[in-house]
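The values are calculated or read from the model by the stated rules, or taken from the named source; none is laboratory data. These numbers come from a predicted model, not from an experiment. Don't worry about glycine lacking a Cβ; one is built from the backbone with ideal geometry, like all the others, and counts go over all protein chains shown.
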Amino acid sequence: MPVYRPILPIQREVLSEKYGVPDNEIPATRVAANKMLQEFEKQEVFEQAAVRVKSYHQQKSAPKPKPEWPLVPTKKPVAAPKPWVRNSPEKIKEYRAMKYRDYLLTPWWKKIKTAAIRRVDARCQVCNKRGMLHVHHRTYEDLGDEWDMDLTVLCEKCHDLYHASIPKPRK
Ligand SMILES: [Zn+2]
Ligand SMILES: [Zn+2]
């Protein structure tokens, strides 16, 4: 036969304060008081879990920060023009006869320049920064018919630093 020990007045006061329940709602026996305590704990665990679930969903639905510099879409690296798609000797001659700054405006150069930038994920090949990028000619030997390895993608700062120490091979 279970023993129903009564709750002493002092215990009643402690429980009342601990759980924020009026004195007269504290059960008369310890067994019943323990049961109530367990219910409270269950409730607390449930509430904590609810808070965690809520914050998880808030984090998930929070707007993602915008990437700082996706001026050139870089979802997938785009290959440079295929090596076997080269300019004709006549075309190369024509490009080489042009003023360099006019050459830089030709569709061929724009295509080769964009491909070079995409190939390196639109980052400077020295410092890895995004931003305004230059496509530097390592050599002008293949001008008008550049290959991948003729070009280096540099940010403005790295390009200036480079040319401050090494003179331009042409012009
Ligand atoms: Zn750089
Ligand atoms: Zn350069």
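Annotations
Results for (1) in the same structural domain as His159 (by TED's automatic domain parsing); (2) touching a Leu at 6+ places or on another chain (Cβ under 6 Å); (3) not basic (Lys, Arg), shown as yes or no for each residue.
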{"site": "Lys93", "(1), (2), (3)": "yes, no, no"}
{"site": "Lys99", "(1), (2), (3)": "yes, no, no"}
{"site": "Leu105", "(1), (2), (3)": "yes, no, yes"}
{"site": "Trp108", "(1), (2), (3)": "yes, no, yes"}
{"site": "Ile112", "(1), (2), (3)": "yes, no, yes"}
{"site": "Ala116", "(1), (2), (3)": "yes, yes, yes"}
{"site": "Asp121", "(1), (2), (3)": "yes, no, yes"}
{"site": "Arg130", "(1), (2), (3)": "yes, no, no"}
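- Odd one out for Val126, checked against (1) within 15 Å of ligand 1 (Cβ to nearest atom); (2) more than 19 Å from Ile166 (Cα to Cα); (3) at pLDDT 95 or above: (2)
- Residue list for region 109-123, restricted to those being buried (at least 17 other Cβ atoms within 10 Å of the Cβ) and more than 9 Å from ligand 1 (Cβ to nearest atom): Trp109, Ile112, Lys113, Ala115, Ala116, Ile117, Arg118, Val120, Ala122
- Which listed residue, of Glu94, Glu156, is among the acidic types (Asp, Glu) and within 15 Å of ligand 2 (Cβ to nearest atom): Glu156
- Qualifying residue in region 13-27 (condition: at pLDDT below 75 and under 29 Å from the mean Cα position of the chain (by Cα)): no
- Cβ-Cβ under 8 Å pairs, at least 6 apart or on other chains, region 145-159 side over 12 Å from Gln125 (Cβ atoms), far side aromatic (Phe, Trp, Tyr) and more than 12 Å from ligand 2 (Cβ to nearest atom): Asp145/Tyr95
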